[in-house]
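The values are calculated or read from the model by the stated rules, or taken from the named source; none is laboratory data. If you're wondering where the values come from, they're calculated on a predicted model, not measured in any experiment. Ideal geometry is used to build each Cβ from the backbone, glycine not excepted, and the neighbour counts take in all protein chains shown.
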Amino acid sequence: MHPGRERDIGQYRIERQPFYAEVRGEVGLFSIAARNKMPVMLKGPTGCGKSRFVQHMAYQLGRPLITVACHEDLTASDLVGRYLLKGQETVWMDGPLTLGVKHGAIVYLDEVVEARKDTTVIIHPLSDDRRVLPIEKKGQILEAADEFMLVISYNPGYQSVLKDLKQSTKQRFMAIEFDYPSPDIETTVVEREAGISHAIAGGLVKLGGKVRNLKNHGLDEGVSTRLLIYAGTLIRQGVPAERACDVAIARPITDDPDMQRSILELAKAIF
(Lines give C-alpha, C1' and ligand atoms only; values in the text may rest on other atoms or scores of the structure.)
Protein backbone atom coordinates (compact mmCIF):
# COMPACT_ATOMS: atom_id res chain seq x y z
CA MET A 1 0.00 0.00 0.00
CA HIS A 2 1.36 3.42 -0.92
CA PRO A 3 2.08 5.97 1.83
CA GLY A 4 -0.88 8.26 2.33
CA ARG A 5 -3.35 5.67 1.02
CA GLU A 6 -4.02 4.30 4.48
CA ARG A 7 -6.88 5.87 6.35
CA ASP A 8 -5.73 8.23 9.09
CA ILE A 9 -6.32 6.61 12.49
CA GLY A 10 -6.33 10.07 14.09
CA GLN A 11 -9.86 10.72 12.85
CA TYR A 12 -11.08 7.97 15.19
CA ARG A 13 -9.75 9.62 18.35
CA ILE A 14 -12.35 11.12 20.66
CA GLU A 15 -11.28 14.68 21.43
CA ARG A 16 -13.85 15.66 24.05
CA GLN A 17 -14.88 13.57 27.03
CA PRO A 18 -18.41 12.22 26.48
CA PHE A 19 -20.68 12.49 29.51
CA TYR A 20 -21.37 9.10 31.05
CA ALA A 21 -22.90 8.28 34.45
CA GLU A 22 -21.63 4.95 35.79
CA VAL A 23 -24.37 2.55 36.89
CA ARG A 24 -22.69 -0.44 38.56
CA GLY A 25 -18.94 -0.75 38.28
CA GLU A 26 -18.76 -1.18 34.50
CA VAL A 27 -15.93 1.35 34.10
CA GLY A 28 -13.61 -0.69 36.34
CA LEU A 29 -14.54 -3.97 34.64
CA PHE A 30 -13.91 -2.57 31.17
CA SER A 31 -10.57 -1.07 32.26
CA ILE A 32 -9.40 -4.45 33.62
CA ALA A 33 -10.50 -6.16 30.39
CA ALA A 34 -8.59 -3.58 28.33
CA ARG A 35 -5.40 -4.08 30.34
CA ASN A 36 -5.66 -7.85 30.03
CA LYS A 37 -6.58 -7.93 26.31
CA MET A 38 -9.98 -9.46 26.96
CA PRO A 39 -12.77 -8.96 24.42
CA VAL A 40 -15.99 -7.53 25.88
CA MET A 41 -19.66 -8.07 25.06
CA LEU A 42 -22.13 -5.38 26.17
CA LYS A 43 -25.61 -6.84 26.69
CA GLY A 44 -28.73 -4.77 27.10
CA PRO A 45 -31.74 -3.06 25.53
CA THR A 46 -31.57 -0.46 22.77
CA GLY A 47 -30.73 3.09 23.83
CA CYS A 48 -29.64 2.34 27.40
CA GLY A 49 -26.14 3.82 27.00
CA LYS A 50 -23.95 1.04 25.56
CA SER A 51 -22.51 3.10 22.71
CA ARG A 52 -21.98 6.15 24.93
CA PHE A 53 -20.17 3.93 27.44
CA VAL A 54 -17.75 2.69 24.76
CA GLN A 55 -17.06 6.28 23.66
CA HIS A 56 -16.42 7.24 27.29
CA MET A 57 -14.01 4.33 27.79
CA ALA A 58 -12.14 5.03 24.53
CA TYR A 59 -11.58 8.58 25.75
CA GLN A 60 -10.50 7.42 29.22
CA LEU A 61 -8.08 4.86 27.80
CA GLY A 62 -6.77 7.23 25.12
CA ARG A 63 -7.47 4.76 22.32
CA PRO A 64 -9.06 5.40 18.93
CA LEU A 65 -12.60 4.05 18.58
CA ILE A 66 -13.83 2.52 15.32
CA THR A 67 -17.57 1.77 15.40
CA VAL A 68 -19.24 -0.55 12.89
CA ALA A 69 -23.05 -0.64 12.76
CA CYS A 70 -23.73 -4.27 11.88
CA HIS A 71 -26.45 -5.22 9.39
CA GLU A 72 -27.47 -8.32 7.47
CA ASP A 73 -25.58 -7.31 4.31
CA LEU A 74 -22.29 -6.76 6.15
CA THR A 75 -19.66 -8.98 4.51
CA ALA A 76 -16.28 -10.13 5.76
CA SER A 77 -14.69 -7.84 3.13
CA ASP A 78 -16.55 -4.86 4.60
CA LEU A 79 -14.75 -5.54 7.88
CA VAL A 80 -11.36 -6.77 6.67
CA GLY A 81 -10.80 -4.82 3.44
CA ARG A 82 -10.71 -5.25 -0.31
CA TYR A 83 -8.74 -4.46 -3.45
CA LEU A 84 -9.95 -1.35 -5.28
CA LEU A 85 -9.15 -0.11 -8.77
CA LYS A 86 -7.55 3.35 -8.70
CA GLY A 87 -6.60 4.63 -12.14
CA GLN A 88 -4.48 1.94 -13.75
CA GLU A 89 -3.53 0.12 -10.54
CA THR A 90 -5.15 -2.08 -7.94
CA VAL A 91 -4.70 -0.93 -4.34
CA TRP A 92 -5.64 -2.59 -1.09
CA MET A 93 -7.97 -0.67 1.23
CA ASP A 94 -8.04 -1.75 4.86
CA GLY A 95 -11.47 -2.35 6.37
CA PRO A 96 -12.33 -0.97 9.84
CA LEU A 97 -11.39 -4.19 11.64
CA THR A 98 -7.96 -4.40 9.97
CA LEU A 99 -7.36 -0.73 10.72
CA GLY A 100 -8.14 -1.27 14.39
CA VAL A 101 -6.02 -4.43 14.63
CA LYS A 102 -3.00 -2.63 13.13
CA HIS A 103 -3.25 0.59 15.12
CA GLY A 104 -4.42 -0.63 18.53
CA ALA A 105 -7.92 0.84 18.40
CA ILE A 106 -11.08 -0.28 20.14
CA VAL A 107 -13.27 -1.81 17.42
CA TYR A 108 -16.93 -1.75 18.43
CA LEU A 109 -19.30 -4.00 16.48
CA ASP A 110 -22.69 -2.54 17.36
CA GLU A 111 -25.67 -4.96 17.30
CA VAL A 112 -23.40 -7.77 16.12
CA VAL A 113 -26.34 -10.21 15.99
CA GLU A 114 -27.55 -8.35 12.88
CA ALA A 115 -24.45 -9.41 10.91
CA ARG A 116 -24.38 -12.57 8.81
CA LYS A 117 -23.13 -15.72 10.53
CA ASP A 118 -20.25 -16.12 8.07
CA THR A 119 -19.14 -12.57 8.89
CA THR A 120 -19.09 -13.02 12.67
CA VAL A 121 -16.87 -16.10 12.29
CA ILE A 122 -13.93 -13.89 11.23
CA ILE A 123 -13.79 -12.32 14.70
CA HIS A 124 -13.16 -15.71 16.36
CA PRO A 125 -9.35 -15.76 16.00
CA LEU A 126 -9.26 -12.17 17.32
CA SER A 127 -11.36 -12.97 20.37
CA ASP A 128 -9.25 -15.76 21.83
CA ASP A 129 -5.59 -15.98 22.90
CA ARG A 130 -4.39 -15.98 19.27
CA ARG A 131 -5.45 -12.35 18.69
CA VAL A 132 -4.88 -12.63 14.95
CA LEU A 133 -6.84 -11.56 11.87
CA PRO A 134 -6.48 -13.75 8.77
CA ILE A 135 -6.63 -11.66 5.56
CA GLU A 136 -7.32 -14.37 3.03
CA LYS A 137 -7.24 -12.11 -0.04
CA LYS A 138 -3.67 -11.08 0.78
CA GLY A 139 -2.57 -14.44 2.17
CA GLN A 140 -1.64 -12.73 5.45
CA ILE A 141 -2.22 -13.32 9.11
CA LEU A 142 -2.16 -10.05 11.01
CA GLU A 143 -1.24 -10.01 14.70
CA ALA A 144 -3.22 -7.54 16.77
CA ALA A 145 -1.39 -4.59 18.30
CA ASP A 146 -1.26 -4.72 22.12
CA GLU A 147 -3.81 -1.90 22.51
CA PHE A 148 -6.36 -3.48 20.14
CA MET A 149 -9.62 -4.36 21.85
CA LEU A 150 -12.72 -6.01 20.41
CA VAL A 151 -16.10 -4.93 21.81
CA ILE A 152 -19.50 -6.15 20.61
CA SER A 153 -23.01 -5.18 21.65
CA TYR A 154 -25.93 -7.51 21.79
CA ASN A 155 -29.60 -6.99 22.65
CA PRO A 156 -30.92 -10.28 24.11
CA GLY A 157 -34.49 -8.91 23.99
CA TYR A 158 -34.42 -9.02 20.19
CA GLN A 159 -33.02 -12.48 19.74
CA SER A 160 -34.90 -15.08 17.75
CA VAL A 161 -34.01 -18.55 16.54
CA LEU A 162 -32.70 -16.98 13.34
CA LYS A 163 -30.98 -14.02 14.97
CA ASP A 164 -29.05 -15.08 18.01
CA LEU A 165 -25.34 -15.20 18.69
CA LYS A 166 -23.81 -18.63 18.44
CA GLN A 167 -22.46 -20.08 21.68
CA SER A 168 -19.05 -20.38 20.00
CA THR A 169 -19.09 -16.58 19.64
CA LYS A 170 -20.64 -15.69 23.01
CA GLN A 171 -18.19 -17.79 24.99
CA ARG A 172 -15.19 -15.77 23.82
CA PHE A 173 -16.29 -12.56 25.53
CA MET A 174 -16.53 -11.16 29.01
CA ALA A 175 -20.10 -9.84 29.27
CA ILE A 176 -21.13 -6.60 30.95
CA GLU A 177 -24.88 -6.41 31.47
CA PHE A 178 -26.57 -3.05 30.87
CA ASP A 179 -30.05 -1.93 31.76
CA TYR A 180 -31.78 1.40 32.06
CA PRO A 181 -30.13 3.35 34.91
CA SER A 182 -31.80 3.99 38.25
CA PRO A 183 -34.25 6.95 38.23
CA ASP A 184 -31.72 9.24 40.01
CA ILE A 185 -28.93 8.54 37.51
CA GLU A 186 -31.27 8.62 34.52
CA THR A 187 -32.70 11.97 35.65
CA THR A 188 -29.16 13.40 35.83
CA VAL A 189 -28.39 12.07 32.34
CA VAL A 190 -31.61 13.43 30.78
CA GLU A 191 -31.23 16.79 32.55
CA ARG A 192 -27.66 17.20 31.34
CA GLU A 193 -28.02 15.83 27.80
CA ALA A 194 -31.29 17.62 26.98
CA GLY A 195 -30.38 20.84 28.84
CA ILE A 196 -33.63 20.94 30.81
CA SER A 197 -34.57 21.49 34.45
CA HIS A 198 -34.22 18.74 37.01
CA ALA A 199 -38.02 18.73 37.51
CA ILE A 200 -38.82 18.18 33.82
CA ALA A 201 -36.11 15.52 33.51
CA GLY A 202 -37.57 13.79 36.59
CA GLY A 203 -41.03 13.85 34.98
CA LEU A 204 -39.70 12.28 31.78
CA VAL A 205 -37.88 9.57 33.72
CA LYS A 206 -41.04 8.87 35.73
CA LEU A 207 -42.93 8.51 32.44
CA GLY A 208 -40.15 6.26 31.11
CA GLY A 209 -40.50 3.98 34.12
CA LYS A 210 -44.27 3.70 33.70
CA VAL A 211 -43.93 2.97 29.96
CA ARG A 212 -41.34 0.26 30.67
CA ASN A 213 -43.86 -1.38 32.98
CA LEU A 214 -46.10 -1.82 29.92
CA LYS A 215 -43.45 -3.97 28.25
CA ASN A 216 -45.24 -7.23 28.97
CA HIS A 217 -48.66 -5.74 28.15
CA GLY A 218 -48.29 -5.22 24.41
CA LEU A 219 -45.04 -3.31 24.13
CA ASP A 220 -42.07 -5.14 22.60
CA GLU A 221 -39.43 -2.85 24.06
CA GLY A 222 -39.38 -0.22 26.82
CA VAL A 223 -38.63 3.43 26.07
CA SER A 224 -34.90 4.15 25.80
CA THR A 225 -33.01 6.82 27.72
CA ARG A 226 -32.16 8.21 24.26
CA LEU A 227 -35.86 8.87 23.51
CA LEU A 228 -36.34 10.57 26.89
CA ILE A 229 -33.47 12.90 25.94
CA TYR A 230 -35.14 13.61 22.58
CA ALA A 231 -38.39 14.50 24.36
CA GLY A 232 -36.49 16.76 26.75
CA THR A 233 -34.72 18.49 23.87
CA LEU A 234 -38.07 19.20 22.18
CA ILE A 235 -39.46 20.63 25.44
CA ARG A 236 -36.38 22.86 25.76
CA GLN A 237 -37.06 24.14 22.23
CA GLY A 238 -40.60 25.17 23.22
CA VAL A 239 -42.62 22.12 22.15
CA PRO A 240 -45.43 21.47 24.71
CA ALA A 241 -44.58 18.51 26.98
CA GLU A 242 -47.53 16.41 25.87
CA ARG A 243 -46.69 16.86 22.17
CA ALA A 244 -43.01 16.16 22.83
CA CYS A 245 -43.90 12.90 24.60
CA ASP A 246 -46.18 11.96 21.69
CA VAL A 247 -43.60 12.39 18.91
CA ALA A 248 -40.47 11.33 20.84
CA ILE A 249 -41.82 8.52 23.03
CA ALA A 250 -45.29 7.17 22.14
CA ARG A 251 -45.04 7.05 18.33
CA PRO A 252 -41.47 5.74 17.98
CA ILE A 253 -42.04 2.74 20.25
CA THR A 254 -45.49 1.55 19.12
CA ASP A 255 -47.83 1.68 16.13
CA ASP A 256 -50.81 0.57 18.22
CA PRO A 257 -53.21 3.56 18.61
CA ASP A 258 -54.54 2.25 21.95
CA MET A 259 -51.03 1.89 23.34
CA GLN A 260 -50.13 5.38 22.08
CA ARG A 261 -53.21 6.77 23.85
CA SER A 262 -52.26 4.99 27.08
CA ILE A 263 -48.78 6.52 26.98
CA LEU A 264 -50.22 9.98 26.36
CA GLU A 265 -52.60 9.57 29.30
CA LEU A 266 -49.57 8.80 31.47
CA ALA A 267 -47.81 11.88 30.08
CA LYS A 268 -50.85 14.08 30.84
CA ALA A 269 -50.98 12.82 34.41
CA ILE A 270 -47.30 13.67 34.94
CA PHE A 271 -47.12 16.98 33.05
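Taking E72 as the residue in question, decide whether it is touching a residue at least 40 places away in the same chain (Cβ under 8 Å) and acidic (D, E).
Numbers: touching a residue at least 40 places away in the same chain (Cβ under 8 Å): yes; acidic (D, E): yes.
It is true that E72 is touching a residue at least 40 places away in the same chain (Cβ under 8 Å) and acidic (D, E).
Per-residue answers, yes or no, for (1) of a type in the set (K, R); (2) crowded, with 17+ Cβ neighbours inside 10 Å; (3) at pLDDT 95 or above:
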position: T120; (1), (2), (3): no, yes, no
position: A144; (1), (2), (3): no, yes, yes
position: D164; (1), (2), (3): no, no, no
position: A175; (1), (2), (3): no, no, yes
position: P181; (1), (2), (3): no, yes, no
position: S197; (1), (2), (3): no, no, yes
position: G202; (1), (2), (3): no, yes, yes
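Within the stretch 130-137, does at least one residue satisfy the condition of being loosely packed, with under 13 Cβ neighbours inside 10 Å, at pLDDT 95 or above and part of a helix (DSSP H, G or I)?
no
Looking at the stretch 195-235, which of its residues are in contact with a Lys or Arg (Cβ under 6 Å, 6 or more places away or on another chain) and among the aliphatic types (A, V, I, L, M)? Can you show your working first?
Going through the stretch 195-235, the residues in contact with a Lys or Arg (Cβ under 6 Å, 6 or more places away or on another chain) turn out to be 195-196, 222.
Result: I196, single match.
Do we find a residue being over 30 Å from I32 (Cα atoms), in a helix (DSSP H, G or I) and either free of Cβ contacts under 8 Å to residues at least 40 places away in the same chain or of a type in the set (G, A, S) (or both) anywhere in the stretch 179-188?
Here is the first cut: in the stretch 179-188, the residues over 30 Å from I32 (Cα atoms) are none.
Checked against the condition, which is being over 30 Å from I32 (Cα atoms), in a helix (DSSP H, G or I) and either free of Cβ contacts under 8 Å to residues at least 40 places away in the same chain or of a type in the set (G, A, S) (or both), the stretch 179-188 yields no hits at all.
Pairs only if they're at least six apart or on different chains, beta carbon under 8 angstrom, first in the stretch 46-57 and at positive phi, second among the hydroxyl-bearing types (S, T, Y); list them, first residue then second.
G47/S224; G47/T225; G49/Y20; G49/T225
Here is a check on your reading of the model: is A76 under 26 Å from F30 (Cβ atoms) and among the aliphatic types (A, V, I, L, M)?
Considered against the rule, which asks whether it is under 26 Å from F30 (Cβ atoms) and among the aliphatic types (A, V, I, L, M), A76 comes out as no.
I196 versus (1) assigned by TED's automatic domain parsing to the domain that holds V223; (2) part of a helix (DSSP H, G or I); (3) farther than 15 Å from G47 by Cα; (4) touching a residue at least 40 places away in the same chain (Cβ under 8 Å): which is the lone unmet condition?
All conditions pass for I196, except number (2).
Output the residues belonging to the stretch 133-156 that are among the hydrophobic types (A, V, I, L, M, F, W, C) and without any contact (Cβ under 8 Å) to a residue 24 or more places away in the chain. Lay out the reasoning, then the answer.
Our first condition is that a residue be among the hydrophobic types (A, V, I, L, M, F, W, C); within the stretch 133-156, this holds for 133, 135, 141-142, 144-145, 148-152.
Hit for the stretch 133-156 is I141, nothing else.
Give me a count of the residues in the stretch 49-62 that are crowded, with 22+ Cβ neighbours inside 10 Å and part of a loop (DSSP other than H, G, I, E, B).
So the count comes out to 1.
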